[in-house]
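The values are calculated or read from the model by the stated rules, or taken from the named source; none is laboratory data. Treat the numbers as computed from the prediction; the structure is a model and nothing was measured. Cβ placement follows ideal geometry from the backbone for every residue including glycine, while neighbour counts extend to all protein chains displayed.
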Amino acid sequence: MEIHQLRYLLAVADTSSFTKAAAALHVAQPGVSAQIRLLERELGQDLFDRSGRQVRLTDAGKAVIPYARAALAAVDGVREAADEIGGLIRGHIAFGTVTSHGADLSSLLSAFHRDHPAISITLTEAGCEELVAGLREGRLDGAIVALGAQRLAGLGLQVIDDQPLVAAVAADDLLATRRTITLQRLCEHTLICLPTGSGVRSILESECRSLGLSPNVAFEASSPRALVSLVEQGLGIAVVPAPYVRNRAGVLALDIRPALRGRLALAWRLDGPVGPAARAFLERARAVL
């Protein structure tokens, strides 16, 4: 079993394609296929189901993937540890984030890259569930995730934002005479929300699921300010952090019951190897976010 075979294995698993994996690895596709076949022969198991348009992991493939990731992380850690002794930290960091949040990631990334030019960084935007899975499976070194009703066992968490969420309604809406609204009543109205995968959307959906509710989302917009503007036009009700409604003419804020909070956290995996590059980045992120 060779290290490069494990890299090929993970590339095919992550892309569901031998062709895409070969392109990502900058090698010929027949070479990737041949090395995977050799690995399967050595293990005595098919690791991929090749019968469909996309290749999929077999049960055996799913079982070996976590060990392949851990093995490659250990190999990379050996190189990074040696570089660290020599005063140079090099390596790669995979960081994920929910969309539409206020964390200043651009300043963090630019300052970190300036101090550690030998470390490459991949930034991925995704939904909270996908980010948590990426952390637990070792595909991500860290992520900004939304904290809702779900439990995030096995992850270290540092809250970086915590604000009350309110229901923004137009001043001429019949609901504007109220001061509060229940989550159940809210789900009966037309909602304007941030895109799926954003922090506030993840929190709303998580709380609704815990109560057996389903939000009626009719419109989406990319920022809380855009949501409030759509509320002003009478298109529906928006769930946004309270500061976005303050001092906004034509829009009123209703407290939601049970109370919702827009909580975002920096998250990282508690177990498994952490290389010098990831450790340095997480230390910086925990200090500045």
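I'm checking my understanding of the structure. Among residues of the range 42-99 that are among the polar types (S, T, N, Q) and in a strand (DSSP E or B), which one is modelled with the lowest pLDDT? Checked the range 42-99; the qualifying residue modelled with the lowest pLDDT is THR99.
Just one residue in the set ALA259, ALA285, ALA277 is touching a residue at least 40 places away in the same chain (Cβ under 8 Å) and either assigned to a strand (DSSP E or B) or in contact with a Ser or Thr (Cβ under 6 Å, 6 or more places away or on another chain) (or both); that residue is ALA259. Can you find, within the range 229-243, the residue that is farthest from the chain's Cα centre (by Cα) among those that are surrounded by fewer than 21 Cβ atoms within 10 Å (Cβ to Cβ) and part of a helix (DSSP H, G or I)? For the range 229-243, the residue satisfying everything is GLU232.
For the range 1-41, enumerate the residues that are among the polar types (S, T, N, Q) and not in a helix (DSSP H, G or I). Answer for the range 1-41, where residues must be among the polar types (S, T, N, Q) and not in a helix (DSSP H, G or I): SER16, SER17.
Quick one: is ALA133 touching a residue at least 24 places away in the same chain (Cβ under 8 Å) and not assigned by TED's automatic domain parsing to the domain that holds ARG261?
no
If we scan the range 217-224, do we find a residue that is farther than 13 Å from LEU260 by Cβ and assigned to a helix (DSSP H, G or I)?
Scanning the range 217-224 turns up at least one residue that is farther than 13 Å from LEU260 by Cβ and assigned to a helix (DSSP H, G or I).
Here ASP14 meets the list (1) farther than 30 Å from GLN158 by Cβ; (2) within 22 Å of the chain's Cα centre (by Cα) almost entirely, failing just condition (1).
Filtering the range 247-280 to residues that are surrounded by 15 or more Cβ atoms within 10 Å (Cβ to Cβ) and under 17 Å from the mean Cα position of the chain (by Cα) leaves GLY262, ARG263, LEU264, ALA265, LEU266, ALA267, TRP268, ARG269, ALA278.
One line per residue, one yes/no per condition, for (1) in the same structural domain as ALA81 (by TED's automatic domain parsing); (2) closer than 14 Å to LEU264 by Cβ; (3) without any contact (Cβ under 8 Å) to a residue 60 or more places away in the chain:
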| position | (1), (2), (3) |
| --- | --- |
| GLY96 | no, yes, yes |
| ALA118 | no, no, yes |
| THR124 | no, no, yes |
| ALA143 | no, yes, no |
| VAL166 | no, no, no |
| LEU174 | no, no, yes |
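Of everything in the range 6-50, what is touching a residue at least 40 places away in the same chain (Cβ under 8 Å), crowded, with 20+ Cβ neighbours inside 10 Å and either more than 15 Å from ALA68 (Cα to Cα) or among the small types (Gly, Ala, Ser) (or both)? Give them in sequence order. Correct list: ALA13 only.
Screening ILE3 against (1) surrounded by 13 or more Cβ atoms within 10 Å (Cβ to Cβ); (2) under 23 Å from GLY138 (Cβ atoms) leaves a single unmet condition, (1). Looking across the range 222-239, the residues that are aliphatic (A, V, I, L, M) and under 15 Å from HIS189 (Cβ atoms) come down to LEU227, LEU230, VAL231, LEU235, ILE237, ALA238, VAL239. Screening SER223 on (1) more than 22 Å from the chain's Cα centre (by Cα); (2) over 23 Å from VAL132 (Cβ atoms); (3) not aromatic (Phe, Trp, Tyr) shows it passes everything except condition (1). Would it be correct to say that THR190 is among the β-branched types (Val, Ile, Thr) and either modelled with pLDDT under 90 or closer than 22 Å to ALA287 by Cβ (or both)? It is false that THR190 is among the β-branched types (Val, Ile, Thr) and either modelled with pLDDT under 90 or closer than 22 Å to ALA287 by Cβ (or both).
Only one entry of ASN216, ASN247 meets the criterion of being within 20 Å of GLY102 (Cα to Cα) and among the polar types (S, T, N, Q), and that entry is ASN247. Of the residues making up the range 139-180, those that are β-branched (Val, Ile, Thr) and touching a His at 6+ places or on another chain (Cβ under 8 Å) number 1.
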